[in-house]
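Scroll down for the structure; my scribbles are underneath it.
The values are calculated or read from the model by the stated rules, or taken from the named source; none is laboratory data. Computed from a predicted model, the values in this text were never measured in an experiment. Don't worry about glycine lacking a Cβ; one is built from the backbone with ideal geometry, like all the others, and counts go over all protein chains shown.
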Amino acid sequence: MEKDIALLIVDDTTQILETLGDILTEEGYAVTTASSAALAKKSIAKKFFHAALIDLRLDEGTGLDLLKAIKKANEDTMVIIFTAFASLESTLSAMREGAFGYLQKPLNVEELKITLAKALKTQALTLENRRLVDRLKELSLKDPLTGLYNYRYLIERLVSEFKRAKRYILPLSVIMLDVDYFKSINEVYGHQYGDEILREFADYLKNNMRVNDVAIRYGGEEFIILMPDTYKEGAVIVGERLLEMLKEYVFDPKGKSLKLRISMGVASYPENGIETPSELLDAIDKALHEAKDKGGNVLIPYQSISAKEVKDILKDGGKENVEKLKKKLLKMEDRTNQMLLESIFAFAKAVEVKDYYTGKHSESMVSIATEIGKDLHLSSEEIDMLQHAAILHDLGKIGIQDKILHKRSSLTEKEREKIKRHPQIGAEIVRNIHFLKEIVPMILYHHERFDGFGYTSGLKGKEIPLGARIIAIADVYQALISDRSYRKACTKKEALKIIEEGSGTQFDPEIVEVFLKTMKERDERRA
């Protein structure tokens, strides 16, 4: 047994090193010797020593300094100090730094053997106690039914992972899963059978997760997958893959042959603007509840504004919408830009539905505006702002009453004037959001005409901001090829002809030229 115990002997006297080395080797220990503190430090950097015997006085440094270095490298190494120049002060110093014992030179070999044996026995007891404590802790962190980690472990691990993510600027995602209608399984087949299904579901999760993900039983039929170093997009992909696989998986195939429906919620740091572990848990809980509200068997990524909140703000129409939305956005100013964007984009998409646009309107506009921006050699930051403006250009229609937006007959002059106010309303909504300040002019002036006969300010030619001139073309083109409440969509060929005819009057001729070239190249790529 002793041959597995590694000893380090440090002394600047060759004779002592050789003598102690021979004696302790014969006792069965694996002995390493070092004639200086520098050589000893190299040895402890390479391997773990169960015990170290150190002379207090060395040519390079002191035994006390070496003792500190050993304890820093591995606090479990038992250190015995020996010297010919003992003093009460040096003895106390050594013991304070963690030395197990202190021997006087010349050494008594039997005393050395006894002291070393006591040190190793103390070490063995300490390590065994620690192993037992670790084992008890592990058991306290495991769910007895499923063998997965439990809620207590989740809280401890989530706190440490959150600190790590913040410190090293890493992503962290969480999926919460709930077995839909699980109570009916317990009611029909009994709780014992329900427990068997939960055990099988836990095994399914363990077998189908990524290596670094952690499965946790949150409570009842709710589970969590903790996903370090994972952005929301990656978490959604993993969750959707699990969901699709579960649709085909049969539980208890030799018995009742059940298929489970699973609801999932996903939330991520830093993308959702979450600042604490508890906020992350609150976010996935909200996302999961939204999934349950949609009927279950679906995955919902967390958004700071839920679909219900969007619906509540939109339902009244008119000025109340603007005030509600402005208040909502102001409350969120201390959140991250990404979360704020997601929230505003949710309203922009809802506005599209209000105005009878097709669901792809903003996405198509973003694509067209981006290609024009690249052909005009705009910077990546300018293109980012252009993309935001393309999505949010009609946000101001949230302040227009539904009876006007939905009107199928011709608008009155008064109604047309109200519609023309939507660029100002949109600009007003985002004006106070600092990181979106660059898109305010694009929203405000995207209905100006190159000949000066547009609205809202009658700007002309290059007075109109470049971004607004680009958005104007992308918006009109996409509107032309979309069905509206008052007319059918034009063909793409007809829409391109209308844009070309508007060059120099409604639109900037240089941008029209780039746009037509872009659309031609698109068609060639698809051919």
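Odds and ends about this structure:
- Listed conditions (1) modelled with pLDDT of 90 or more; (2) of a type in the set (Gly, Ala, Ser); (3) touching a strand residue (DSSP E or B) at 6+ places or on another chain (Cβ under 8 Å); (4) in a helix (DSSP H, G or I) are all met by Ser173, apart from (4).
- If you go through segment 268-284 and keep only what is within 18 Å of Ile224 (Cα to Cα) and surrounded by fewer than 18 Cβ atoms within 10 Å (Cβ to Cβ), you end up with Thr276, Ser278, Glu279, Asp282.
- When the test is whether a residue is touching a helix residue (DSSP H, G or I) at 6+ places or on another chain (Cβ under 8 Å), modelled with pLDDT of 90 or more, part of a helix (DSSP H, G or I) and assigned by TED's automatic domain parsing to the domain that holds Gly190, Leu226 does not pass it.
- Subset of segment 252-265 that is surrounded by fewer than 20 Cβ atoms within 10 Å (Cβ to Cβ) and in contact (Cβ under 8 Å) with a residue 40 or more places away in the chain - its residue that is farthest from Leu158 (Cα to Cα): Lys256
- Residues (charged (D, E, K, R) and within 19 Å of Ala165 (Cβ to Cβ)) located in segment 268-305: Glu271, Glu275, Glu279, Asp282
- Residue in segment 401-409 that is touching a residue at least 40 places away in the same chain (Cβ under 8 Å), part of a helix (DSSP H, G or I) and buried (at least 21 other Cβ atoms within 10 Å of the Cβ) present: no
- Given (1) under 22 Å from Arg152 (Cα atoms); (2) at pLDDT below 95; (3) under 20 Å from the mean Cα position of the chain (by Cα), number of the condition Ala215 does not satisfy: (2)
- Residues located in segment 270-305, provided they are under 20 Å from Lys247 (Cβ atoms) and outside any helix (DSSP H, G or I): Lys294, Gly295, Gly296, Asn297, Val298, Leu299, Ile300, Pro301
- When residues of segment 412-450 are limited to those that are over 44 Å from the mean Cα position of the chain (by Cα) and surrounded by 14 or more Cβ atoms within 10 Å (Cβ to Cβ), the one nearest to Tyr477 (Cα to Cα): Phe450
- Scan of segment 183-223 for residues that are small (Gly, Ala, Ser) and loosely packed, with under 13 Cβ neighbours inside 10 Å, ordered by number: Ser184, Gly190, Gly219, Gly220
- Some residue of segment 137-146 being surrounded by 11 or more Cβ atoms within 10 Å (Cβ to Cβ), of a type in the set (Lys, Arg) and not in a helix (DSSP H, G or I): yes
For (1) touching a residue at least 60 places away in the same chain (Cβ under 8 Å); (2) of a type in the set (Ser, Thr, Tyr), each residue gets a yes or a no:
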{"site": "Asp203", "(1), (2)": "no, no"}
{"site": "Lys206", "(1), (2)": "no, no"}
{"site": "Met209", "(1), (2)": "no, no"}
{"site": "Phe223", "(1), (2)": "yes, no"}
{"site": "Lys232", "(1), (2)": "yes, no"}
{"site": "Met245", "(1), (2)": "no, no"}
{"site": "Tyr249", "(1), (2)": "no, yes"}
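- Of all residues in segment 1-56 being charged (D, E, K, R) and within 19 Å of Lys71 (Cα to Cα), the one that is surrounded by the most Cβ atoms within 10 Å (Cβ to Cβ): Asp11
- For Asp59, the requirement of being surrounded by fewer than 17 Cβ atoms within 10 Å (Cβ to Cβ), of a type in the set (Asp, Glu) and assigned by TED's automatic domain parsing to the domain that holds Ala94 is met.
- Flag if Glu161 is in contact with a Phe, Trp or Tyr (Cβ under 7 Å, 6 or more places away or on another chain) and in contact (Cβ under 8 Å) with a residue 24 or more places away in the chain: no
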